[in-house]
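For reference, the structure is listed below as structure tokens.
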Amino acid sequence: MYIGIASNDDARQPDAKDKLKEAFAAAKLTAEIEVYPNAVHGWCVPDMPEQNGKPIYNKPDAERAWAKLVALYKAALA
């Protein structure tokens with residue numbers, strides 16, 4: 001599993017990532033969970049509307065997250 005978390009989502013529930021890590025470990029499943037410090041909820045979607053006059057889409061972080069997800073799919077489906 002790969003889970004990318006936006007900074008504002010992490011700020012709302014800072015312990016969620018730790019609970020997820022514990023749950024995956026307990027189930028003996030591999031998972032990468034990371035917080036994107038420069039991203040806000042919805043950052044991977046290019047046509048997201050602006051929020052408070054600022055863009056939500058974050059191209060560098062989105063490309064990084066999508067690359068990690070695609071790599072995971074390729075490895076799992078090979």
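Results, tabulated for the structure shown:
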{"item": "Residues satisfying the stated conditions in the range 1-19, i.e. open to solvent by 60 Å² or more (accessible area, probe 1.4 Å) and at pLDDT 95 or above", "result": "A11, R12, Q13, P14, D15, D18, K19"}
{"item": "Of all residues making up the range 41-68, the number that are modelled with pLDDT under 95, surrounded by 10 or more Cβ atoms within 10 Å (Cβ to Cβ) and among the small types (G, A, S)", "result": "0"}
{"item": "Close pairs (6 angstrom Cβ cut-off, 6 or more residues apart or separate chains): without any contact (Cβ under 8 Å) to a residue 40 or more places away in the chain in the range 43-63, open to solvent by 90 Å² or more (accessible area, probe 1.4 Å) and of a type outside the set (S, T, N, Q) anywhere", "result": "Y57/P46"}
{"item": "Residue match in the range 55-71 (condition: among the small types (G, A, S) and touching a strand residue (DSSP E or B) at 6+ places or on another chain (Cβ under 8 Å))", "result": "yes"}
{"item": "A71 vs. criteria open to solvent by less than 60 Å² (accessible area, probe 1.4 Å), in a helix (DSSP H, G or I) and among the small types (G, A, S)", "result": "yes"}
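The values are calculated or read from the model by the stated rules, or taken from the named source; none is laboratory data. Bear in mind that the values here come from a model prediction, so they are computed numbers and not experimental data. Every residue, glycine as well, gets a Cβ built from its backbone with ideal geometry; the counts of neighbours run over all protein chains shown. To get the accessible areas, we keep the full protein, side chains included, count just its heavy atoms, and leave off ligands, DNA and RNA. Shrake-Rupley method; radii C 1.70, N 1.55, O 1.52, S 1.80 Å.
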